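Notes to accompany the following structure.
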Amino acid sequence: MTSFSSIEDQNFWNILFHLEEIRKPVDLVSFLRKNEINRDEFYLFYEKSHFYGLAIDLRPKNEEFLLMPLSWRRDYGDILLQNNGHRELIKDIQAASKDGRVCEFKFLDQSKKKVRPWRVVLSQNLYKVISEDVQTKQLITIDMNEVEDIEFQEFDYRSLYSRFEIEEYINALRHIDGSDQRLVLKVEYGFEIPPISNLIFLGHPYSTTNQYGELIWAASVEKSLYLFDWLYSMRDNIEILEPSDLRDEFEEFCQKRKNVA
């Protein structure tokens, strides 16, 4: 069972069809008006697009937004999971999250808990599942290192939370842990930032263009090998402006890569 009705599903594909026709930036208001799409339909589409690896790029423009052409996220998540003992379980959890299915987690201490999984994230290089407890209706975090097995179940469950509330919950966890930093990049003119896996934390992303046409991109991130791998893939086209400690560590990372090569 999915968490979207058949009408919403039809709206999703209709909006996607119109988005695929975009070849240059367009005002969101103009796009909605031209294709007779109301804002509620678009925001439902925006919420569901996360499940399909769809990167919807909305950039602030005056008091409105500029809608950029589509870009599909490459299957980077599988690369991160290749050498992970929980690989198959995590893939199944991601599928359950997409479909809104309930799972019963069995832990190493033999306790059990039924949850609606929302998101798998990397935190301090560990895989964790952001979930909604079916009984208490509270959001909880499950460490995959404590999981023995998972049973995927089929029954109706109506969640109390939206995708946006889940993202805010993740942001709040990072803030409490003190594990996130505000990464600011300067990206050379004409270079397109490669997609990043949704397993990697990326909070409150924002981008703007300076007077030289360079992109100034910022987001809250957590330092990890995977983040550095992503930065390394575009090292010749970016400059890390902040924070300075992350910039220094990344330079050391690049030097080690160079020495190995």
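Quickly work out the residue 164-to-residue 244 label distance, labels modelled 7 Å from Cα along the C-beta direction, and quote it in nm with one decimal. For residue 244 paired with residue 164, the spin-label model returns 3.8 nm.
Given their separation in residues at 0.36 nm each and the Cα-Cα distance between them, residue 192 and residue 126 gain 20.9 nm when the chain is fully extended. Largest first and in whole Å, the equivalent-ellipsoid semi-axes of region 185-259 read 20, 15, 12, each the square root of five times a Cα gyration tensor eigenvalue.
Evaluate E = 1/(1 + (r/R0)^6) for residue 63 and residue 143, where r is the Cβ-Cβ distance and R0 equals 45 Å; express this FRET efficiency to the nearest 0.05. After rounding to 0.05, the efficiency reads 0.60. One decimal place: the segment residue 182-residue 88 gains 30.6 nm when fully extended, by the rule 0.36 nm per residue minus the C-alpha distance.
In the structure shown, do any of 98/186; 61/186; 137/186; 91/113; 128/258 have a Cα-Cα gap over 30 Å, and if so which? Over 30 Å apart, Cα to Cα: 98/186; 137/186; 128/258. 3J(HN,Hα) along region 23-29, derived from phi through the Karplus expression 6.51 cos²θ - 1.76 cosθ + 1.60 where θ = phi - 60°, amounts to 10, 8, x, 9, 4, 4, 4 Hz, with x in place of Gly and Pro. Applied to region 141-154, the Karplus parametrisation 6.51 cos²θ - 1.76 cosθ + 1.60 on θ = phi - 60° returns per-residue 3J(HN,Hα) values of 10, 10, 7, 5, 5, 9, 9, 9, 7, 9, 10, 8, 10, 10 Hz, with x for Gly and Pro.
A simple spin-label model places pseudo-atoms 7 Å from Cα toward Cβ; at residue 209 and residue 113 they are separated by 4.7 nm. The shape of region 101-171 can be summarised by an equivalent ellipsoid whose semi-axes, obtained from the alpha carbon gyration tensor, come to 18, 17, 9 Å from longest to shortest. For the pair residue 133 and residue 34, label points projected 7 Å from Cα toward Cβ lie 4.9 nm apart. Taking amide H as placed 1.01 Å from N in the peptide plane, the amide H of residue 65 sits under 5 Å from that of 28, 29, each at least 5 places away or on another chain.
Here, each number is a calculation from the coordinates, and none is a lab measurement. Note that the coordinates shown come from a computational prediction; the quantities given were computed from them, not determined experimentally. We place every Cβ from the backbone using ideal geometry, glycine too, and count neighbours over all the protein chains shown.
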